[in-house]
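*Asks:* Supplied in structure tokens, the structure appears directly below.
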Amino acid sequence: MNHDPFKKEHHLRTKLDEYHVDIPNFPMQSRGKRWERFINFLASPAKDPIEPLISTTAGFAVLKLAPIIGMAVISILQLFFFL
């Protein structure tokens, strides 16, 4: 494990030694208790799944007609299977 691959590559070693990166010290945030994380998850805002349908005229019409068409299909299926 003491093998250093950069000993033979002098050009690569000099290029790597040119760069120095200062890493700032950020304090680690505590993850909090499991209950607090669960409450934060429940309190986070949710995306409205129907918004793309309401924003267009055609989507709004589909949203209004979908229950009517669904009930018609269910009633036709009941007529064929139960009569």
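*Asks:* Report the full-extension gain for the segment Ile23 to Leu63: residue separation times 0.36 nm, less the Cα-Cα distance, to one decimal in nm.
*Replies:* Roughly 9.1 nm would be gained on extension.
*Asks:* So which aspartates and glutamates pass the test for Lys15, namely a Cα distance under 20 Å, with those fewer than 8 places away in the same chain ruled out?
*Replies:* Within the straight-line cut-off, Lys15 pairs with Asp4.
*Asks:* Show which aspartates and glutamates lie in cross-link reach of Lys8 when reach means a straight Cα distance below 16 angstrom and same-chain residues fewer than eight apart are skipped.
*Replies:* Asp17
*Asks:* When the chain is treated as a GNM, springs tying every alpha-carbon pair under 10 Å, which of Gly32, Gly59, Gly70 comes out with the largest mean-square fluctuation?
*Replies:* Maximum among the listed residues: Gly70.
*Asks:* Still on this structure, I have one more. Rounding to the nearest 20 debye, state how big the charge dipole of the stretch 1-57 is about its Cα centre with +1 on each Lys and Arg Cβ and -1 on each Asp and Glu Cβ.
*Replies:* On the way: 9 positive and 8 negative charges, 64 e Å.
Dipole about the Cα centre, nearest 20: 300 debye.
*Asks:* Which of the GluC sites (Glu not before Pro) across the chain are loop residues per DSSP, with 15 or fewer other Cβ within 10 Å?
*Replies:* Here the GluC sites (Glu not before Pro) that fit, given the DSSP loop and packing criteria, are Glu9.
*Asks:* How are the alpha carbon pair distances in the chain distributed across 5 Å bins from zero to the largest one, expressed in percent?
*Replies:* The percentages, shortest bin first, are 3, 9, 7, 6, 6, 6, 7, 7, 7, 8, 7, 5, 5, 5, 5, 4, 2, 0.
*Asks:* Using just the helices of the chain, give the 222 nm mean residue ellipticity in deg cm²/dmol: DSSP H runs with n ≥ 4 each add -39,500 (n - 2.57), and the total is spread over all residues, rounded to 500.
*Replies:* Details: 4 runs with 50 residues, N = 83.
Using -39500 (n - 2.57) per qualifying helix, the result is -19000 deg cm²/dmol.
FYI, it's all coordinate maths here, none of it is from the lab. This is a predicted model, so every value here is computed, not measured. Cβ coordinates were reconstructed from backbone atoms using ideal geometry, including for glycine residues, and neighbour counts include every protein chain displayed.
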